[in-house]
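Asker: Shown below is the structure under consideration.
The values are calculated or read from the model by the stated rules, or taken from the named source; none is laboratory data. It should be emphasised that the depicted structure is a prediction, and the values quoted were computed from it without experimental measurement. Cβ atoms come from the backbone with ideal geometry, glycine included; neighbour counts cover every protein chain shown. For accessibility, only protein heavy atoms count, side chains too; no ligands or nucleic acids. Shrake-Rupley method; radii C 1.70, N 1.55, O 1.52, S 1.80 Å.
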Amino acid sequence: MRIFPAELFIMRLKGTLPQGRQYDWARSKTSEECLEGLKKLSGLDLGSDPEAWERWWAEEKQRRDIDPDF
(Lines give C-alpha, C1' and ligand atoms only; values in the text may rest on other atoms or scores of the structure.)
Protein backbone atom coordinates (compact mmCIF):
# COMPACT_ATOMS: atom_id res chain seq x y z
CA MET A 1 0.00 0.00 0.00
CA ARG A 2 1.38 3.37 -1.00
CA ILE A 3 0.88 6.44 1.16
CA PHE A 4 0.81 9.66 -0.84
CA PRO A 5 2.49 12.87 0.37
CA ALA A 6 -0.88 14.51 1.02
CA GLU A 7 -1.83 11.64 3.32
CA LEU A 8 1.49 11.88 5.15
CA PHE A 9 1.07 15.61 5.68
CA ILE A 10 -2.44 15.05 7.03
CA MET A 11 -1.32 12.22 9.31
CA ARG A 12 1.50 14.41 10.61
CA LEU A 13 -1.01 17.18 11.40
CA LYS A 14 -3.16 14.65 13.26
CA GLY A 15 -0.24 12.93 14.98
CA THR A 16 -1.13 9.58 13.44
CA LEU A 17 1.96 8.80 11.34
CA PRO A 18 2.82 5.09 11.19
CA GLN A 19 5.98 3.88 12.85
CA GLY A 20 8.98 3.28 10.66
CA ARG A 21 12.06 4.98 9.34
CA GLN A 22 10.43 5.55 5.95
CA TYR A 23 8.20 8.16 7.61
CA ASP A 24 10.99 10.07 9.37
CA TRP A 25 10.98 12.82 6.74
CA ALA A 26 7.27 13.50 7.37
CA ARG A 27 7.77 13.25 11.13
CA SER A 28 10.47 15.95 10.87
CA LYS A 29 8.06 18.44 9.26
CA THR A 30 6.41 21.14 11.33
CA SER A 31 2.66 21.68 11.16
CA GLU A 32 3.31 24.83 9.17
CA GLU A 33 5.44 22.91 6.65
CA CYS A 34 2.73 20.28 6.29
CA LEU A 35 0.09 22.94 5.69
CA GLU A 36 2.30 24.61 3.08
CA GLY A 37 2.83 21.25 1.40
CA LEU A 38 -0.91 20.62 1.29
CA LYS A 39 -1.51 24.09 -0.13
CA LYS A 40 1.05 23.48 -2.88
CA LEU A 41 -0.37 20.06 -3.73
CA SER A 42 -3.99 21.20 -3.76
CA GLY A 43 -3.86 24.84 -4.77
CA LEU A 44 -6.24 25.45 -1.86
CA ASP A 45 -6.02 26.96 1.59
CA LEU A 46 -8.26 24.94 3.89
CA GLY A 47 -6.67 26.25 7.06
CA SER A 48 -5.20 24.12 9.81
CA ASP A 49 -8.12 21.70 10.29
CA PRO A 50 -6.88 18.17 9.44
CA GLU A 51 -10.46 16.98 8.92
CA ALA A 52 -10.98 19.57 6.17
CA TRP A 53 -7.84 18.33 4.48
CA GLU A 54 -9.00 14.70 4.87
CA ARG A 55 -12.27 15.56 3.13
CA TRP A 56 -10.35 17.26 0.31
CA TRP A 57 -8.04 14.25 -0.06
CA ALA A 58 -10.95 11.77 -0.10
CA GLU A 59 -12.61 13.78 -2.87
CA GLU A 60 -9.31 14.15 -4.74
CA LYS A 61 -8.64 10.39 -4.65
CA GLN A 62 -12.11 9.75 -5.98
CA ARG A 63 -11.76 12.43 -8.67
CA ARG A 64 -8.43 10.97 -9.79
CA ASP A 65 -9.77 7.42 -9.48
CA ILE A 66 -6.97 6.38 -7.12
CA ASP A 67 -7.50 2.88 -5.79
CA PRO A 68 -7.72 3.13 -1.97
CA ASP A 69 -5.68 -0.07 -1.64
CA PHE A 70 -2.90 1.17 -3.97
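Asker: Tell me, what is the FRET efficiency for Lys39 and Arg64 to the nearest 0.05, using R0 = 22 angstrom and their Cβ-Cβ distance as r? Let's see the in-between values first.
Answerer: Working: r = 18 Å, r/R0 = 0.82.
That pair, Lys39 with Arg64, gives E of 0.75.
Asker: Suppose only helical runs count, i.e. DSSP H with n ≥ 4. What mean residue ellipticity at 222 nm does that imply for the chain under -39500 (n - 2.57) per run, divided by all residues and rounded to the nearest 500 deg cm²/dmol? Write down the numbers at each step before the final one.
Answerer: Details: 4 runs with 40 residues, N = 70.
Per the formula, -17000 deg cm²/dmol.
Asker: Identify which of Gly37, Gly47, Gly20 has the largest mean-square fluctuation in a Gaussian network model of the chain, with springs joining Cα atoms closer than 10 Å.
Answerer: Gly20
Asker: In percent, how large is the relative contact order of the stretch 3-70, given Cα pairs closer than 8 Å and 6 or more residues apart? Mind showing how you got there, number by number?
Answerer: Working: 39 pairs, mean separation 21.9, N = 68.
It rounds to 32 percent for the stretch 3-70.
Asker: Sticking with this structure for a sec: For Lys29, give me every one of the lysines with a C-alpha distance below 20 angstrom, ignoring sequence neighbours fewer than eight places off in its own chain.
Answerer: Within the straight-line cut-off, Lys29 pairs with Lys14, Lys39, Lys40.
Asker: Right, here's the next one. Of all the accessible heavy-atom surface of the chain, with the other protein chains kept in place and a 1.4 Å probe, what percent is carbon and sulfur?
Answerer: Carbon and sulfur: 48 percent of the exposed surface of the chain.
Asker: Okay, moving on. Exactly which trypsin sites (Lys or Arg not before Pro) in the stretch 21-70 are in a DSSP loop and have at most 16 other Cβ atoms within 10 Å? Walk me through the numbers on the way to the answer.
Answerer: Details: sites: Arg21, Arg27, Lys29, Lys39, Lys40, Arg55, Lys61, Arg63, Arg64; in loops: Lys29, Arg64.
In loop regions of the stretch 21-70 (DSSP not H, G, I, E or B), the sparsely surrounded trypsin sites (Lys or Arg not before Pro) are Arg64.
Asker: Then there's this: Per 0.36 nm of contour for each residue apart, how much would the distance between Trp25 and Glu7 grow if the chain were fully extended, relative to their Cα-Cα spacing?
Answerer: Working: separation 18, 0.36 × 18 = 6.48 nm, distance 1.33 nm.
Additional length available on full extension: 5.1 nm.
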